[in-house]
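Novice: Here's a structure for you.
The values are calculated or read from the model by the stated rules, or taken from the named source; none is laboratory data. Quantities reported herein were computed from a predicted structural model and do not represent experimental measurements. So basically every Cβ, Gly included, is an ideal-geometry build from the backbone, and we count neighbours across all protein chains shown. Surface accessibility is based on the protein's heavy atoms, side chains included, excluding ligands, DNA and RNA. Shrake-Rupley method; radii C 1.70, N 1.55, O 1.52, S 1.80 Å.
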Amino acid sequence: LGGKWTTYRKMAEDVVEAAIEFTDLARRESTTNEMPIHLGPGSEANCPEATPTESQVRTMIHEEFARTPEDVLARRFRCLLLDAKGSLHAVRPIAAVMADELGHSPDWAERQVASYERLVAQYTLQDS
């Protein structure tokens, strides 16, 4: 995947190295160095065809600390940039899963949908 993912891993490695140097943390082998990223090679997001599954959304919540549908669609799946309008079909089910998983109300989910719709409007050309 490269790019941002690789940069984040390198930044994290540098932080850990600095922490070891300036504290009494023990040095040990990396447990994530070869860990595949959940999207994996060959599965680049291409909205609307490749939107996150319910299982992926739950994983993003628990392992990547995603907290809003925008976080999932814009930053983890890049749907907002790849196909803003095409991503609209996914926001409602993602909001519902996130509300359930994070203990939020259905009203929270609806506010998240409305917020994402406003954001998408900023990324799309208006019909003349």
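Novice: Checking ALA99 against (1) on the phi > 0 side of the Ramachandran plot; (2) open to solvent by less than 90 Å² (accessible area, probe 1.4 Å); (3) at pLDDT 85 or above, which single condition isn't satisfied?
Specialist: With (1) on the phi > 0 side of the Ramachandran plot; (2) open to solvent by less than 90 Å² (accessible area, probe 1.4 Å); (3) at pLDDT 85 or above applied to ALA99, the lone miss is (1).
Novice: If you take the residues of segment 11-27 that are open to solvent by 70 Å² or more (accessible area, probe 1.4 Å) and at pLDDT below 85, which of them is farthest from ALA66 (Cα to Cα)?
Specialist: GLU13
Novice: Which one of the conditions (1) modelled with pLDDT of 90 or more; (2) among the aliphatic types (A, V, I, L, M); (3) part of a helix (DSSP H, G or I); (4) open to solvent by less than 40 Å² (accessible area, probe 1.4 Å) does ALA66 fail to meet, given that it meets all the rest?
Specialist: Status for ALA66: all satisfied but (3).
Novice: Spot the failing condition for THR32; the list is (1) open to solvent by 30 Å² or more (accessible area, probe 1.4 Å); (2) at pLDDT below 85; (3) farther than 17 Å from VAL113 by Cβ; (4) in contact with a Pro (Cβ under 9 Å, 6 or more places away or on another chain), and only one is missed.
Specialist: That leaves (4) as the condition not met.
Novice: Same structure again: For segment 75-94, which positions are of a type outside the set (Lys, Arg), in a helix (DSSP H, G or I) and open to solvent by 20 Å² or more (accessible area, probe 1.4 Å)?
Specialist: Within segment 75-94, LEU81, LEU82, LEU88, HIS89, PRO93 qualify.
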